[in-house]
Amino acid sequence: MKSNKIEAQSLLSTLWIFVLFNMIFRDLHQFANKGFLKEIMSLDVSEELVLVFGFVIEVPILMVLLSRILKDKANKWTNIIAVSFTALGALSFVPSADLDDIFFMIMEFAAFMAIIRIAWKLPTQNEIHI
């Protein structure tokens, strides 16, 4: 008989993949907007700002792996900190958000809440089995 129970680490990793897909498709979806390419080409974005956003997107990418390999205590706090950092990055898009951006952000924030809930329930001490 197969159990339907999913390990917390696998679920956390899968939720981070879900967050990444939402971030990627939120950005790709913008290309459907008329004039988007023209607007983006006219922006003067510094290398430093591009690097900052690179760090913001790297966190969920890294969390896909770290959620699977970290021990419970480290996994708990790393996920909670990563959600906080990534959510702040996502909120930076709110001033220019349209309806589809808000939809994708709602999906991301639902996943963030699930990640925090699952991570919070991870044990913080190693259990000794005799």
Cross-link partners of K121 among aspartates and glutamates (Cα-Cα below 14 Å; sequence separation of 8 or more within a chain): E7, D72
Tilt relative to the chain, helix 99-120 - C-alpha long axis, 0 to 90 degrees, to 10: 20 degrees
Difference of contour (0.36 nm per residue) and Cα-Cα distance, D100 to I17: 27.9 nm
Ordering of 15-23, 51-59, 66-74, 103-111 by packing [mean C-beta count within 10 Å, highest first]: 15-23, 103-111, 66-74, 51-59
Modelled FRET efficiency - R0 35 Å, N33 with T124, Cβ distances, 0.05 increments: 0.15
Listed values (1) 46; (2) 55; (3) 51, entry calculated as percent of Cα pairs over 19 Å apart: (2)
Relative contact order (percent, whole number), the chain, Cα cutoff 8 Å, 6+ residue spacing: 41 percent
Acute angle (nearest 10 degrees) that the helix 47-69 long axis makes with the longest principal axis of the chain, alpha-carbon atoms: 20 degrees
Computed FRET value (nearest 0.05) for I80 with N4, which takes r as the C-beta separation and R₀ as 25 Å: 0.45
Between 0 and 90°, nearest 10: helix 8-29 axis offset from the chain longest Cα axis: 10 degrees
Ranked packing of 75-87, 36-48, most packed first, by mean Cβ within 10 Å: 75-87, 36-48
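Read-outs: derived from the displayed coordinates by stated rules, not from any lab. A quick note: this is a predicted structure, and the numbers were derived from the prediction, not measured. Don't worry about glycine lacking a Cβ; one is built from the backbone with ideal geometry, like all the others, and counts go over all protein chains shown.
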